[in-house]
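Read through the structure below, which is laid out as structure tokens, and then see the notes.
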Amino acid sequence: MELGGTVDLRYVTIAGNTVGIGCGADATGTIRNSIITNVGNSVDGFCPLSFVDNAIDESGMGGTEVPSFDPTWFVVSNGSRFFLSDAGQAVFADIADWDEGDPLTDIEGDLRPTETPGFPGVDEPEAR
């Protein structure tokens, strides 16, 4: 995924790919409260974006460093929606830190915690 221009990605899941995020010379902005864990490099080369409160498998990127992609962390629905399994919930709990302007709900409409840490990525599991 080659990113360029102004980037504002919040609560996304980029997982299981052989190629991760690449940034063009004009890329600016932020990726926050997201899961970025892949089979190959998750961030290819220099990427001038700000990485905030993510679960990421690259060292030195800010956020919480997690291992490389493990398919047992996710339940895939509709071919591309990565919901957290019990194993994934154990890895990704309490990493995201909601901030003004972040979405109030996940992909299913479940509320995200705004006062306490929650899960990064598209899924905020209902039962904790």
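Numbers below:
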quantity: Highest-fluctuation residue, Ser34, Ser59, Ser68 considered, GNM on the chain with Cα pairs under 10 Å; calculated: Ser59
quantity: Largest to smallest accessible area among Thr13, Thr6 [probe 1.4 Å]; calculated: Thr6, Thr13
quantity: Accessible surface of the chain [probe 1.4 Å, protein heavy atoms]: carbon and sulfur percent; calculated: 50
quantity: Among [x] 16.2, 55; [y] 15.6, 49; [z] 13.7, 42, the entry that matches Rg and Dmax of the Cα atoms in Å as calculated here; calculated: [z]
quantity: Inverse of mean 1/r across different Cα pairs in region 40-113, Kirkwood, Å; calculated: 14.0
quantity: Highest-fluctuation residue, Glu65, Glu108, Glu100 considered, GNM on the chain with Cα pairs under 10 Å; calculated: Glu100
quantity: Sparse-neighbour loop sites [trypsin sites (Lys or Arg not before Pro); region 1-86; at most 11 other C-beta within 10 Å; DSSP]; calculated: none
quantity: Per residue accessible area in Å² of the chain, where ligands, DNA and RNA are left out and the probe is 1.4 Å; calculated: 50
quantity: Ellipticity estimate at 222 nm from DSSP helix runs (n ≥ 4, -39,500 (n - 2.57)) divided over the chain, nearest 500; calculated: -1500 deg cm²/dmol
quantity: Computed lengthening from Ala25 to Ser50, 0.36 nm per intervening residue step minus Cα-Cα distance; calculated: 7.6 nm
quantity: Chymotrypsin sites (Phe, Trp or Tyr not before Pro) restricted to region 27-119 and DSSP loop, no more than 14 other C-beta within 10 Å; calculated: Phe46
quantity: Segment Thr18-Glu2, extension gain: residue separation times 0.36 nm, minus the distance between their alpha carbons; calculated: 4.4 nm
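The values are calculated or read from the model by the stated rules, or taken from the named source; none is laboratory data. Quick caveat, the model's predicted, so the values are computed rather than measured. Here the Cβ is made from the backbone with ideal geometry for all residues, glycine too, and neighbour counts use every protein chain on show. Accessible surface areas use protein heavy atoms only, side chains included; no ligands, DNA or RNA. Shrake-Rupley method; radii C 1.70, N 1.55, O 1.52, S 1.80 Å.
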